[in-house]
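Encoded as structure tokens, the structure appears first; notes follow it.
The values are calculated or read from the model by the stated rules, or taken from the named source; none is laboratory data. Model, not experiment: these values are computed from the prediction. Cβ sites come from the backbone with ideal geometry, for glycine too, and all protein chains shown count toward neighbours.
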Amino acid sequence: MEEVRIDDIREDLVELVDFMGMDMFIEFCEKFGGCHFYIPNKKSIARNSRNREIKKKYNGTNAKELSREFGISENHLRYIIKSY
């Protein structure tokens, strides 16, 4: 088989090839080819860690300070504390 070239790759996947390199992209295609999945953004994968930190720092009286520190509303902060 001839070598796969960048012009063989669909235009919407070229950025992924640029990021991981052609060899890794080919391995990725061998392992996951045909699958459909969502790749979360960094903010959403860090959310659970942020919520654990909020819960750890919360002392019952510092909701306003923590909401400012984490850039969320006090209502959302209280929801996190109750939920996690």
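Taking every residue in segment 59-81 that is of a type outside the set (S, T, N, Q) and pairing it with any residue that is outside any helix (DSSP H, G or I), at least 6 positions away or on another chain, the pairs with Cβ-Cβ distances below 8 Å are Leu66/Tyr58; Leu77/Tyr58; Ile80/Ile72; Ile81/Tyr58.
Of everything in segment 45-77, what is among the charged types (D, E, K, R) and touching an Asp or Glu at 6+ places or on another chain (Cβ under 7 Å)? Give them in sequence order. Lys64, the sole residue that qualifies. When Ile72 is tested against (1) of a type in the set (A, V, I, L, M); (2) assigned to a helix (DSSP H, G or I); (3) surrounded by 13 or more Cβ atoms within 10 Å (Cβ to Cβ), just one condition goes unmet, and that condition is (2).
Among the residues of segment 44-76, the one identified as at pLDDT below 95 and among the β-branched types (Val, Ile, Thr) is Ile45.
Quick grid of which residues meet (1) of a type in the set (A, V, I, L, M, F, W, C); (2) surrounded by 14 or more Cβ atoms within 10 Å (Cβ to Cβ); (3) at positive phi:
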{"position": "Leu13", "(1), (2), (3)": "yes, no, no"}
{"position": "Phe19", "(1), (2), (3)": "yes, no, no"}
{"position": "Gly34", "(1), (2), (3)": "no, no, yes"}
{"position": "Asn59", "(1), (2), (3)": "no, no, no"}
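Looking only at segment 41-54, residues that are surrounded by 10 or more Cβ atoms within 10 Å (Cβ to Cβ) and in a loop (DSSP other than H, G, I, E, B) come to 0 in all.
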